[in-house]
1. Could you tell me how many of the residues in segment 30-51 are at positive phi and of a type in the set (D, E, K, R)?
2. Can you list residue pairs whose Cβ atoms sit under 8 Å apart, with the first residue in segment 39-51 being assigned to a strand (DSSP E or B) and the second being among the β-branched types (Val, Ile, Thr) and surrounded by 13 or more Cβ atoms within 10 Å (Cβ to Cβ)? Count only pairs 6 or more apart in sequence or on different chains.
Amino acid sequence: MVKEVTMSATAEIRPTKASHPKAMGTTQRSAELRTCPVCADSMIAAESSAFLADNVVSYLWTCDTCGYGFVTNHKVTKAARNG
């Protein structure tokens, strides 16, 4: 049995950009931290995430300092395999 869980939040949807350079055939993560658009404090990790249709992952971000919340969406693509 699958239980549906809802999450109530007021959030702005913000665009994301792919900034994962490839080096030596592997993907590296960017060292930049996301910052709150209101107070500019660093944000380490999303509060929650959800896999949506069409290979899209939605992330809910909430600033620990000012409480501002927003959502980012990221399109998931298959990585190329070597060999």
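Please treat every number below as a calculation from the coordinates, not as lab data. What you see is a predicted model, and the numbers here were worked out from it, not measured in a lab. So basically every Cβ, Gly included, is an ideal-geometry build from the backbone, and we count neighbours across all protein chains shown.
1. Taking segment 30-51 as the starting set, the residues that turn out to be at positive phi are 40.
Among the residues that remain, those that are also of a type in the set (D, E, K, R) are: none.
Residues in segment 30-51 being at positive phi and of a type in the set (D, E, K, R): 0 in total.
2. Close Cβ pairs (under 8 Å, with a partner that is among the β-branched types (Val, Ile, Thr) and surrounded by 13 or more Cβ atoms within 10 Å (Cβ to Cβ)) amount to Ser49/Val57; Ala50/Val57; Phe51/Val57.
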